[in-house]
Amino acid sequence: QVQLVESGGGLVQPGGSLRLSCAASGIIFRRSTMGWYRQAPGRQRELVAAIGSGGMTNYAYSVKGRFTISRDNAKNTVYLQMNSLKPEDTAVYYCNVGANGIDYWGKGTLVTVSS
């Protein structure tokens, strides 16, 4: 079955950096578009960044220039490098993949940006 396992969240001060990882199994990873979403308290889940099988990326306007999504097909892993973090980036971050018409989600990893 499809499994997505996120890691790398934590508490960081404003202006700091974190790198999130998502290890995937049960899919043909190299052919899959992978996405990172986030959900802050009281808000809807939103797309943060996505990367296609060919490496094309897209980002939410709010994170452009600060976040970078990348993938390692040999490790079936997608990353989200987050720099210049702001308090408004505080959220649970989820990994996502679509396979056979179904959306799959990880359990999420909490990122808290606070002094």
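What's the extension gain from Ser70 to Met56 if we count 0.36 nm per residue and subtract their Cα-Cα distance? Please list the in-between numbers first.
Details: separation 14, 0.36 × 14 = 5.04 nm, distance 0.96 nm.
Stretched fully, the Ser70-Met56 segment lengthens by 4.1 nm.
Give me the number: length gained by fully extending Leu47 to Asn100, i.e. 0.36 nm times residue separation minus the C-alpha to C-alpha distance, one decimal in nm.
Details: separation 53, 0.36 × 53 = 19.08 nm, distance 2.03 nm.
Taking 0.36 nm per residue and subtracting the Cα distance, the gain is 17.1 nm.
Which FRET efficiency value, to the nearest 0.05, do you get for Ser115 and Val5 by plugging their Cβ-Cβ distance into 1/(1 + (r/R0)^6) with R0 = 30 Å?
On the way: r = 30 Å, r/R0 = 0.99.
Rounded to the nearest 0.05, the efficiency is 0.50.
Counting heavy atoms of the protein chains only and a 1.4 Å probe, report the per residue accessible area for the chain as a whole number of Å². Intermediate values should be presented prior to the final figure.
Numbers: 6370 Å² over 115 residues.
Heavy-atom accessible area per residue stands at 55 Å².
Probe radius 1.4 Å, ligands and nucleic acids ignored: give me the carbon and sulfur share of the accessible area of the chain as a rounded percent. Could you put the intermediate results ahead of the total?
On the way: 2990 of 6370 Å².
Percent of accessible area from carbon and sulfur atoms in the chain: 47.
What list of ³J(HN,Hα) values in whole Hz, one per residue of region 30-43 in order, does the Karplus curve 6.51 cos²θ - 1.76 cosθ + 1.60 (θ = phi - 60°) give from phi, with Gly and Pro shown as x?
5, 9, 9, 7, 10, x, 10, 10, 9, 9, 8, x, x, 10
Which of the trypsin sites (Lys or Arg not before Pro) found in region 51-115 are in a DSSP loop and have at most 12 neighbouring Cβ atoms, other than their own, within 10 Å?
Details: sites: Lys64, Arg66, Arg71, Lys75, Lys107; in loops: Lys64, Arg66, Lys75, Lys107.
Those that pass, being in a loop and sparsely packed, are Lys64, Lys75, Lys107.
Report, ordered by chain and residue number, the aspartates and glutamates lying within cross-link reach of Lys107, taken as a straight Cα distance under 12 Å and ignoring same-chain residues fewer than 8 apart.
Partners within reach: Glu6.
For every other residue with a beta carbon closer than 14 angstrom to the beta carbon of Asp89, add +1 if it is Lys or Arg and -1 if Asp or Glu, then tell me the sum.
+4
What does the charge add up to near Gly35, with Lys and Arg as +1, Asp and Glu as -1, over the other residues with Cβ less than 15 Å from its Cβ?
Numbers: positive: Arg31, Arg38, Arg45, Arg71; negative: Glu6, Glu46, Asp103.
Once positives and negatives cancel, what remains is +1.
The values are calculated or read from the model by the stated rules, or taken from the named source; none is laboratory data. Owing to the predicted nature of the structure, the values given are computational and were not obtained by experimental measurement. Please note: Cβ atoms are built from the backbone with ideal geometry, for glycine as well, and neighbour counts cover all protein chains shown. For the accessible areas, the whole protein counts, side chains as well, though only heavy atoms, and no ligand, DNA or RNA atoms are used. Shrake-Rupley method; radii C 1.70, N 1.55, O 1.52, S 1.80 Å.
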